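Worksheet: the structure to be examined is printed underneath.
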Amino acid sequence: MGNPNLILILILFTSYIIGSFPTSIIMGRITRGIDIRDHGSGNAGSTNIFRVLGWKPALVVITFDVFKGWLPASYLAKIFFEATPLPDLGLFQILCGFCAVLGHTYTIFAGFKGGKGVGTLAGMLIAMFPVAVPLCILMFATTLMLTGYVSVGSIIASASLPVFLLILPVFGIEPAELSLLVFSLLMPFFVIYTHRSNIARLRNGEENQFEKAMIFKKKS
């Protein structure tokens, strides 16, 4: 099978390349001939695609972005695990998935300027612990409806993941692997870091709101 360390490096690099596929940038080019990073919030992600191009292109983008996280964690990791020096499949899945997230956030195909990585993180989670995904989506949707801020919803959803991983076994769900539990504790810090510009805009009262999604709207 070759050198296990070399195989590990190659698979992680392949995962990064998969994650680097600039879905939103390509969508902006083919639908309107624009660089999506020059419009809206300037972010190369599905939320900005929704703002600038509409829900149909955004749906395509988020589907591909989720797939970019799922494919390395679910497919590549399981195929090549035995050929690597790693003792734990869950750890390899996390490494592959997170390399895809880094590829999405710092895409090699667009000057290392990509999206926030939330969709790709979700794809990775679907591969490893799918039962938690609807609960995180529920937290995201609830926060979005209450605040109108996608960024706040993403941060709250990521912060709720380790809580769900700890609580779900009480209801008979098979416990998450220790490697995933540890990663879930670190993931909110990454999401906060990638949303640091949003946090700055929130503090300045300049963050865009999805008012149509809000339950309680301010009266004009």
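The values are calculated or read from the model by the stated rules, or taken from the named source; none is laboratory data. Keep in mind it's a predicted model, so treat the numbers as computed, not measured. As a convention, Cβ positions derive from the backbone with ideal geometry for all residues, glycine included, and neighbour counts pool all protein chains shown.
So that you can scan it fast, the table gives a plain yes or no per residue for (1) outside the structural domain of Phe64 (by TED's automatic domain parsing); (2) touching a helix residue (DSSP H, G or I) at 6+ places or on another chain (Cβ under 8 Å); (3) crowded, with 17+ Cβ neighbours inside 10 Å; (4) farther than 23 Å from Gly54 by Cα:
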{"residue": "Leu146", "(1), (2), (3), (4)": "yes, no, no, no"}
{"residue": "Ser158", "(1), (2), (3), (4)": "yes, yes, yes, yes"}
{"residue": "Ala176", "(1), (2), (3), (4)": "yes, yes, yes, yes"}
{"residue": "Leu185", "(1), (2), (3), (4)": "yes, yes, no, yes"}
{"residue": "Glu206", "(1), (2), (3), (4)": "yes, no, no, no"}
{"residue": "Gln209", "(1), (2), (3), (4)": "yes, yes, no, no"}
{"residue": "Lys212", "(1), (2), (3), (4)": "yes, no, no, no"}
What are the residue pairs meeting all of these: first residue in the stretch 150-168, first residue under 27 Å from Glu207 (Cα atoms), second residue crowded, with 21+ Cβ neighbours inside 10 Å and of a type in the set (Lys, Arg), Cβ atoms under 9 Å, and 6 or more apart or on different chains?
-> Ser151/Lys116; Ser154/Lys116
Please list, ordered by first then second residue, the pairs with beta carbon atoms under 8 Å, 6 or more apart or interchain, first in the stretch 8-28 and over 18 Å from Lys78 (Cβ atoms), second part of a helix (DSSP H, G or I) and among the charged types (D, E, K, R).
-> Phe21/Lys68; Thr23/Asp65; Thr23/Lys68; Ser24/Asp65; Ile25/Arg37
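Okay, residues lined up against (1) in the same structural domain as Met187 (by TED's automatic domain parsing); (2) surrounded by fewer than 20 Cβ atoms within 10 Å (Cβ to Cβ); (3) at pLDDT 95 or above; (4) among the aromatic types (Phe, Trp, Tyr):
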site: His39; (1), (2), (3), (4): no, yes, no, no
site: Val60; (1), (2), (3), (4): no, yes, yes, no
site: Lys68; (1), (2), (3), (4): no, no, yes, no
site: Ile79; (1), (2), (3), (4): no, yes, yes, no
site: Asp88; (1), (2), (3), (4): no, yes, no, no
site: Val101; (1), (2), (3), (4): no, no, yes, no
site: Phe109; (1), (2), (3), (4): no, yes, no, yes
